[in-house]
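The values are calculated or read from the model by the stated rules, or taken from the named source; none is laboratory data. Quick caveat, the model's predicted, so the values are computed rather than measured. Note that we place each Cβ from the backbone using ideal geometry, even for glycine, and neighbour counts take in every protein chain shown. Please note that ligands, DNA and RNA were not included when accessible areas were found on the heavy atoms of the full protein model with its side chains. Shrake-Rupley method; radii C 1.70, N 1.55, O 1.52, S 1.80 Å.
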Amino acid sequence: MGRLDGDRRGWLRGAPPPGWVRALPLVLIVCVCVAALVSSEPLDLGFLLGAIPPLAVLSYGPVATGVLGVAVVVMLNVPAFHLDQPGQTDVLTVCFVAALSVFVAFVRRRRDLQLDIERTIAEAAQNALVPPVPERVGSVRCAGLYRAAQRGTLVGGDFFDVRMSAHGVRAVLGDVQGHGLAAVATVASLLGAFREAVLDQPALEAVAARLDRRLVVDSARVAHAELFATAVLLEFTPGADAVRIVVCGHPPPVLLRDGTATEVDVVPWTPLGLGIADDAPLTSHVLPLRHGDRLFLASDGVSEARDAAGVFYPLLDRLPSLAAGADPATTADRVWRDVLRHCPAIRDDVTMLVLAPARPRRR
């Protein structure tokens, strides 16, 4: 499942211009030519031709813009077009606008190339920090979806990962304090700690404690940092017949079973980074799994999305129909589109993780 935020880029935000923008200068030239040739009287359409080079800047490079500028100047001086005999000042003005448009097109093309390079670097950094979830990890089919709240960015304050370990498939989904670029360093620190702890720690509770310690240490390095994060951690048994769940201040997972969606009844712990006290040890919840069960994890960007009337998105009511007959990737995509219909102006990072354990069939 793709994780990048490119589908939200319009052509005014760096995406290639639509076809009608590219065709606009050519259509305008054709319209002026037809009108001038059909009319028996001279037409004062030079001002329209003068707009063609600036329009070409929106979608063409300096060479194409220059060609269109030359075509405009030629049309102004061809008697067959009857363009009301433009004066020398008019022609010089159009020539100046055309030359200026070529320069602007050159600058725009250079900046577009630089932006493409920077975006490619950002995508590479995103994939290195939070790589796309594989379609399958061990005995668990997976799909993740991430949309950053801050426009123009590919990373933010939500994170997830699914890893194989000697104790089964382990997964995490979390939300750090804040969102956008300011939270990226905390996300990188937590994911690094999770990937190490998955290999080293025999108990899921110890993995959560490692993440908590990581934030406590990072927060102590900066005065008044107060770093914290909510998270939910899962560990599927090797046979995928049960899952162990630890919740640290995060919304619990939703169990999809027999056409229903139910929040798993888990005793929550405090968010990560506030310190897990020795006198109140972190506890986990073990959920037996049946054939066909799926687990849906999401950040509060889903459950707290509000429509124009201030109504929260009804995740538990909508999820059964959205997940019916769908694989994990399709489920995440359907929920995302439904959230957008409910709340077009998303103001928080939206993260989803759909896990479908595939228990081996007994012979």
Starting from 0.36 nm per residue, how many nanometres of slack lie between Ala308 and Ala51 once their C-alpha separation is accounted for? 88.5 nm
Let me know the Kirkwood hydrodynamic radius for region 194-267, please, with Cα pairs as the basis and the value in Å to one decimal. 14.1
Where the accessible area of the chain is counted over protein heavy atoms with a 1.4 Å probe, how much of it, in %, is carbon and sulfur? 60
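Using only helices, what value at 222 nm comes out for the chain when you add -39,500 (n - 2.57) per DSSP H run of length 4 or more and divide by the total residues, to the nearest 500 deg cm²/dmol?
Mean residue ellipticity, 222 nm, calculated: -13500 deg cm²/dmol.
Calculated FRET efficiency, Val27 and Gln114, Cβ-Cβ r, R0 25 Å, to nearest 0.05?
In this case the efficiency is close to 0.25.
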Nearest 0.05, what FRET efficiency do Val267 and Asp317 give at R0 = 35 Å with Cβ-Cβ as r? 0.90
In whole angstrom, the spacing between the Cα centers of region 203-269 and region 284-339 equals 18
Using a 1.4 angstrom probe, figure out how much accessible area the chain has per residue, in square angstrom, rounded to the nearest whole. 51
Quick one: what do you get for region 191-330 if you divide its Cα Rg by 2.2 N^0.38 Å? 1.17
So, with +1 on the Cβ of K and R and -1 on the Cβ of D and E, and no other charges, what is the size of the charge dipole of the chain about its Cα centre, to the nearest 20 debye? 920
Calculated from backbone phi, Karplus (6.51, -1.76, 1.60) coupling profile of region 64-71 in Hz, x at Gly/Pro: 5, 4, x, 5, 5, x, 5, 4
